[in-house]
Amino acid sequence: SDVCSSDLEYEMRKAQSPNDLLFNLSEIRPRDAVKTFRKSIIEDYPGDRCAYCGRRSDSWTLDHVIAVSKGGPRYKRWNIVRCCSECNGSKSNHQLLPWWRPQEMWDQTRETVLFDWMRYNSDMDAMITLEKSLREGTLDNEALEELKKPDENNFFDHYCELYPSEPECLIYDC
């Protein structure tokens, strides 16, 4: 699960939200930015298996580690992992470790990879605090709020406030 520094530097240049794709003009239309962002997470999440159960799949879904309904950010790369539809449906909006650890499918290596993904795609200090609270089965709301702070060019939050029923705003609802 260790990532060498050159791999980490490459990963850190990745778009951390659909806003980055629009701001850098990698994509012009919001819908295309969301698709590209989703595809990048599916392709870039370490390994070729579900983040939770470790199975392979031909059709991946994306899950918010901290559910949007529980205050997790909708479009932050660190909060989104690739998983199979069975795990996504089972986890729903449950807290990560209280849902995952009691199950036979839980694996320490996959948990480590998931937290590595979160750290590599976020503000390190706030993520360390948030990770500690998640591992304790709690949620540090102050660290979460720090990690949710909007980017300078946060097009999607503004866009989705104005047009909440647009398809790109409905992609991640749970």
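Of note:
- Scan of segment 65-82 for residues that are outside any helix (DSSP H, G or I) and buried (at least 16 other Cβ atoms within 10 Å of the Cβ), ordered by number: VAL65, ILE66, ALA67, GLY72, PRO73, ARG74, TYR75, LYS76, ILE80, VAL81, ARG82
- Top-ranked residue of segment 95-140 - restricted to ones that are assigned to a helix (DSSP H, G or I) and among the acidic types (Asp, Glu), ranked as nearest to LYS70 (Cα to Cα): GLU131
This table checks each residue for (1) of a type in the set (A, V, I, L, M, F, W, C); (2) open to solvent by 60 Å² or more (accessible area, probe 1.4 Å).
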{"position": "GLN95", "(1), (2)": "no, yes"}
{"position": "GLN108", "(1), (2)": "no, yes"}
{"position": "PHE115", "(1), (2)": "yes, no"}
{"position": "TYR120", "(1), (2)": "no, no"}
{"position": "ARG135", "(1), (2)": "no, yes"}
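- Taken over segment 53-64, the criterion of being open to solvent by less than 70 Å² (accessible area, probe 1.4 Å) and touching a Ser or Thr at 6+ places or on another chain (Cβ under 8 Å) is satisfied by SER57, THR61.
- Conditions (1) under 23 Å from GLN16 (Cβ atoms); (2) in contact with a strand residue (DSSP E or B) (Cβ under 7 Å, 6 or more places away or on another chain); (3) surrounded by fewer than 16 Cβ atoms within 10 Å (Cβ to Cβ); number of the one not met by SER85: (1)
- Tabulated pairs, segment 122-139, first over 10 Å from LEU96 (Cβ atoms), second open to solvent by 80 Å² or more (accessible area, probe 1.4 Å), C-beta under 6 angstrom, 6+ apart or interchain: ALA126/GLU146
- Checked against (1) modelled with pLDDT of 95 or more; (2) open to solvent by 50 Å² or more (accessible area, probe 1.4 Å), ARG38 meets all criteria but (1).
- Flag for TRP99 being over 14 Å from ILE41 (Cβ atoms), open to solvent by less than 70 Å² (accessible area, probe 1.4 Å) and out of contact with any Gly (no Cβ under 7 Å at 6 or more places or on another chain): yes
The values are calculated or read from the model by the stated rules, or taken from the named source; none is laboratory data. Predicted model only: the values in this text are computed from it and were never measured. Positions of Cβ are backbone-derived with ideal geometry, glycine not excepted, and every protein chain shown enters the neighbour counts. Remember, those area values only see protein heavy atoms, side chains included, never the ligands or the DNA or RNA. Shrake-Rupley method; radii C 1.70, N 1.55, O 1.52, S 1.80 Å.
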